[in-house]
Amino acid sequence: GNIERGAGFIGGIGPQGRYDTFDDPVFGIRAISRLADTYATNYGIDTPREFLSRYAPRSDNPDSFDNYLRQLSADLGVSPDEEIDFTNPAVKKVLIPSIIGFEQGAEFKNYYSPEVIDAGIEATKLEDAEKIRSLGDGIAKFEERGIPLLAASSASNVGPQSPTTPSGQLLGGRRTPG
């Protein structure tokens, strides 16, 4: 997700150039999830354009900003200026893979399984590195039993996704499950 080094997120193990790396995907996903919470709560960010303008400002890469915004908005199922609740876990389940896919390459958009994404989002609530690591350890136990947790990465599963409630209601426009 290209988290700036020195941001102080749990699990950061040092820079890879300008950006931090994490010793477990759950820590990196947690960092993106916490940024989404901070942007929404502390800065009132509630549209894809506002989110991206803070996360990956046009000044960082003027040539890709518009493409990034189009992808993020399409994946979230909203227009660039439509309000959406970035603190909502259902929104994060789409936001985080979209960010990973744009920052790391389209083949990584669905690289992490929903279970890994969920663990990172759940870890947002935790401050203890060992408790966070235990979420990842639980996932590793599935892998040890031969249950694959990395989602297939292919063109057939890359495309627009819209965050919805269990009943299928879109989460754009700040609507939330309830």
Check your understanding: In the range 23-39, is there at least one residue being at pLDDT 90 or above, in a helix (DSSP H, G or I), surrounded by fewer than 22 Cβ atoms within 10 Å (Cβ to Cβ) and among the β-branched types (Val, Ile, Thr)?
Key -> yes
Check your understanding: Among Ala31, Ala40, Ala90, Ala74, which is the only one that is among the small types (Gly, Ala, Ser), in contact with a Pro (Cβ under 6 Å, 6 or more places away or on another chain) and under 24 Å from Lys125 (Cα atoms)?
Key -> Ala90
Check your understanding: Just wondering, is there one or more residues in the range 43-51 that are at pLDDT below 95, out of contact with any Cys (no Cβ under 7 Å at 6 or more places or on another chain), in a helix (DSSP H, G or I) and open to solvent by less than 60 Å² (accessible area, probe 1.4 Å)?
Key -> no
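Please verify whether Lys125 is open to solvent by less than 20 Å² (accessible area, probe 1.4 Å) and charged (D, E, K, R), treating the condition exactly as stated.
No, not satisfied.
The values are calculated or read from the model by the stated rules, or taken from the named source; none is laboratory data. What you see is a predicted model, and the numbers here were worked out from it, not measured in a lab. We place every Cβ from the backbone using ideal geometry, glycine too, and count neighbours over all the protein chains shown. Surface areas here come from the heavy atoms of the whole protein model, side chains and all, with no ligands, DNA or RNA. Shrake-Rupley method; radii C 1.70, N 1.55, O 1.52, S 1.80 Å.
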